[in-house]
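One structure is given below, encoded as structure tokens.
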Amino acid sequence: MRPLAGGLLKVVFVVFASLCAWYSGYLLAELIPDAPLSSAAYSIRSIGERPVLKAPVPKRQKCDHWTPCPSNTYAYRLLSGGGRSKYAKICFEDNLLMGEQLGNVARGINIAIVNYVTGNVTATRCFDMYEGDNSGPMTKFIQSAAPKSLLFMVTYDDGSTRLNNDAKNAIEALGSKEIRNMKFRSSWVFIAAKGLELPSEIQREKINHSDAKNNRYSGWPAEIQIEGCIPKERS
């Protein structure tokens, strides 16, 4: 009788253990939230891995500068034209003063005049230097700028063919070192000030001549740009 009793006890124990295992599995399934097996497998694999640190998206600066200008300065960016399809741009304090989007740039020398004290644009004009006699009107426009004005000049296409000596003298009087070196379709940008002195460390002028060997546009010079920060008037 004893062997029979021992065998029965073993059967009861196995059945009991099976029921316990089934019930434990049922409880575990109820406690784990529904999720794809692939996600669970990924979570297991990711244990022990180093977290991936993502750099924050850089904050956009005025006129697309890489770094912000100090609060007591004006931000500016001048971009000449390049080839046939890239128009010139003049940006000041994150405001587009001249550009293709505004429809106020064209072939020749594009000029924007800004009131240095208020930072407001006072006038913008484009002067075609390939056709027509526009050197005279441009000279008068430059000379009409009020004291304490900032003048921004950029070329698109040709800015030299009909640029006469009086116009060159007017621009040279503002501090240009390259105006007499302008050639057919030269890319040129220039910052000038009337009635005030700009800091010596500011890059005021840049020029690039047409060169089929070195420029990406056949017969056209590549665009050039200068940007920076101009100190505001002390109050």
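The values are calculated or read from the model by the stated rules, or taken from the named source; none is laboratory data. It should be emphasised that the depicted structure is a prediction, and the values quoted were computed from it without experimental measurement. A quick note on method: Cβ atoms are made from the backbone with ideal geometry, for glycine too, and the neighbour counts reach across all protein chains shown. Accessible surface is based on the protein model in full, side chains and every heavy atom, while ligands, DNA and RNA are left aside. Shrake-Rupley method; radii C 1.70, N 1.55, O 1.52, S 1.80 Å.
Inside the stretch 161-235, counting only strands (runs of 3 or more DSSP E) that do not spill past its ends, which hold 2 or more residues that are open to solvent by 60 Å² or more (accessible area, probe 1.4 Å) and either under 22 Å from ILE142 (Cα atoms) or in the same structural domain as GLU131 (by the TED database) (or both)? Steps first, please.
Values: elements: 187-194, 205-208, 225-231.
Output list reads 225-231.
Going by the conditions given, is GLU172 among the charged types (D, E, K, R), modelled with pLDDT of 95 or more and in contact with an Asp or Glu (Cβ under 6 Å, 6 or more places away or on another chain)?
Values: among the charged types (D, E, K, R): yes; modelled with pLDDT of 95 or more: yes; in contact with an Asp or Glu (Cβ under 6 Å, 6 or more places away or on another chain): no.
Criteria not met by GLU172.
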